[in-house]
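Report on one structure; see the data block that follows.
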Amino acid sequence: MFRYNPDPLVGAAISRLRFFTASGPNYLRQNQRLRDIDDENDSPDITVQAFELCKISEAFDCAIFGNITASWLKAAGWTDNMNLPPGELWRTLVANRTSQGTEPDPWYPRAFLSAVREKGMEYGINTHQLIHEKDNAAYFEVFRRVQEVVWNRRLIRTSDIQGYGKLLGLAPEESRKGDLICIVRGCSVPIVLRSLGNTTEDHELIGECYVDGMMDGQAMKLCMDPVGFRIV
């Protein structure tokens with residue numbers, strides 16, 4: 001069956017499986033208000049409690065058909081096919097999870113290295129070819145997962161996050177430089193918001209995103225106070 005979209009980072013609704021806990025593991029247990037809905041005016045707007053983690057400082061090509069372009073490899077600093085890929089790169093390409101939601105095996109980076117050595121780094125990584133034309137179980141596991149994660153998403157680099165630097169990540173195709181990456185109280189993954197400019201509160205929801213090193217509650221250690229973001 002042909003794929004049109006990536007798998008949701010929040011996990012499939014029918015399975016109730018959460019891969020990540022970006023806003024921390026305890027928010028849903030603390031009896032705190034997560035959102036406000038304007039019922040009186042029958043408005044579709046929703047106000048969520050969130051804080052701005054960072055902005056998108058760079059947005060790279062979209063992963064068409066789940067393939068990895070050479071520009072992605074270069075953006076992550078992987079230019080020598082004698083070396084394993086940078087940890088932030090291979091973790092991002094699989095969202096640091098297997099298809100079952102577990103931590104990737106230690107041999108995952110070697111599968112990426114083997115793939116780029118076949119044709120050369122200047123050609124990127126053709127995931128479809130590796131899955132369907134190679135009789136290799138490791139390739140099938142790793143690059144099937146890559147397709148689930150990167151399909152029609154953009155590689156991004158964040159602005160500087162205090163204590164963490166500029167992190168690599170994945171964002172929706174519609175994302176662009178300057179968009180906000182926010183941690184929403186009670187949401188398992190970060191989201192991309194775009195300021196509408198008419199007020200400081202009004203924002204457009206672009207979609208969910210992956211930020212390497214910020215998917216398991218690390219952002220909560222920054223001790224930022226959440227404020228209201230109105231999504232219209």
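One residue stands out among those in region 1-27 that are modelled with pLDDT of 70 or more and loosely packed, with under 12 Cβ neighbours inside 10 Å: the one that is nearest to Glu173 (Cα to Cα), which is Asn5. Go through region 80-95 and give me each residue that's over 13 Å from the mean Cα position of the chain (by Cα) and surrounded by 20 or more Cβ atoms within 10 Å (Cβ to Cβ). Scanning region 80-95 gives a single hit, Pro85.
Taken as a whole, the condition of being on the phi < 0 side of the Ramachandran plot and touching a helix residue (DSSP H, G or I) at 6+ places or on another chain (Cβ under 7 Å) does not apply to Arg117. Per the conditions (1) within 26 Å of Pro190 (Cα to Cα); (2) aromatic (Phe, Trp, Tyr); (3) surrounded by fewer than 21 Cβ atoms within 10 Å (Cβ to Cβ), the sole criterion not satisfied by Tyr123 is (1).
May I ask you to say which residue of Val116, Val150 is touching a Ser or Thr at 6+ places or on another chain (Cβ under 9 Å) and β-branched (Val, Ile, Thr)? Before you say what the answer is, go through the steps one by one.
Numbers: Val116 fails: touching a Ser or Thr at 6+ places or on another chain (Cβ under 9 Å).
Going through Val116, Val150 in turn, the sole match is Val150.
For residues that are surrounded by 15 or more Cβ atoms within 10 Å (Cβ to Cβ) and hydroxyl-bearing (Ser, Thr, Tyr), scanning just region 96-119, find the one that is farthest from Glu148 (Cα to Cα). Top of the filtered list is Ser114. Output the number of the condition that Ile68 fails; it satisfies all remaining conditions of (1) closer than 30 Å to Gly186 by Cβ; (2) of a type in the set (Val, Ile, Thr); (3) touching a strand residue (DSSP E or B) at 6+ places or on another chain (Cβ under 6 Å); (4) surrounded by 17 or more Cβ atoms within 10 Å (Cβ to Cβ). Of the numbered conditions (1) closer than 30 Å to Gly186 by Cβ; (2) of a type in the set (Val, Ile, Thr); (3) touching a strand residue (DSSP E or B) at 6+ places or on another chain (Cβ under 6 Å); (4) surrounded by 17 or more Cβ atoms within 10 Å (Cβ to Cβ), the odd one out for Ile68 is (1).
Against the test of being assigned by TED's automatic domain parsing to the domain that holds Gly24 and among the hydrophobic types (A, V, I, L, M, F, W, C), the options Leu53, Leu84 yield a single qualifying residue, Leu53.
When Ser43 is evaluated against the numbered criteria (1) modelled with pLDDT of 95 or more; (2) outside any strand (DSSP E or B), which criterion, by number, is the only one it fails? If we test Ser43 against (1) modelled with pLDDT of 95 or more; (2) outside any strand (DSSP E or B), just (1) comes out false.
Name the residue, out of Phe140, Phe112, that is free of Cβ contacts under 8 Å to residues at least 40 places away in the same chain, in contact with a Phe, Trp or Tyr (Cβ under 6 Å, 6 or more places away or on another chain) and within 21 Å of Phe65 (Cα to Cα). Explain how you work it out, then say what you get.
Working: Phe140 fails: in contact with a Phe, Trp or Tyr (Cβ under 6 Å, 6 or more places away or on another chain).
One residue alone meets the criteria, Phe112.
The values are calculated or read from the model by the stated rules, or taken from the named source; none is laboratory data. The structure presented is a predicted model; accordingly, all values stated were derived computationally and were not measured. With ideal geometry, Cβ positions are generated from the backbone for all residues, glycine too; neighbour counts draw on all protein chains shown.
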